[in-house]
Amino acid sequence: MSTITETLTAEHALLNLLFDELGRLLPQVRTVAELRLLTRLVTGLLSHHADLEDNLAYAALDHALAEKGQLDRLYQDHHEIDQRFRAAAVAKELPEAVRLLQAGLKASREHFRLEERTVFPLLEQQLSPATLKTLGVMVSSNASPLGRHGFANALSARLRNTASRIEAHG
């Protein structure tokens, strides 16, 4: 049974692999529609991950610290990252859409590093091992697309399918 920090760190690792794959795929993207497809893939996974962090990890830490507002920057990061991806999804020109998607990916990576350096150790200091495990079970039971069996294979197949469609149009 994993703790919440172990589970979220594993999700960060999987998301970073996805971002690496997208980075390799982006030079082949030829239309805004193709880029929007990739953006929707990322936002769907990140949205669920961010909800779990906000509603379980951050909420538990806010409660443990007994002072609201100490995690405002992290909540704000989630909002700003979301805005970058939304802007990429509605951009009219491909170069702008690519730039916005890349900015969202970069901001997400930086946010993951910040959480792993500061928030996750703080969670481990402030919460009991039993609470960390209970929250880990809650994250797992919320059926995160990142935690489902076969996620890596499904993601790989989806990226190959997307790459095939992009190559067919290019």
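Laboratory data are not the source of any read-out in this text; all were calculated from the coordinates shown. Being a predicted model, the structure only gives us computed values, none of them experimental. For neighbour counting, all protein chains shown are included, and Cβ atoms are generated from backbone atoms with ideal geometry for every residue, glycine included.
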Extended-chain gain in nm, criterion 0.36 nm per residue less alpha-carbon gap, residue 20 and residue 75:
17.3 nm
Set the Förster radius R0 to 30 Å, insert the Cβ-Cβ distance between residue 63 and residue 13 as r into 1/(1 + (r/R0)^6), and round the FRET efficiency to 0.05.
0.65
Roughly how many nanometres apart are two label points built 7 Å out from the Cα toward the Cβ at residue 51 and residue 126?
2.3 nm
Using the number of other C-beta atoms within 10 angstrom as an exposure proxy, rank 81, 4 with the fewest first.
81, 4
Integer Hz, Karplus 6.51/-1.76/1.60 couplings in order for segment 91-105, x for Gly and Pro:
4, 8, 10, 4, x, 5, 4, 4, 4, 5, 4, 4, 5, x, 5
Calculated FRET efficiency for the pair residue 137/residue 86, C-beta based, R₀ 45 Å, to 0.05
0.90
Per-residue Cβ neighbour rank within 10 angstrom, fewest leading, 3, 118
118, 3
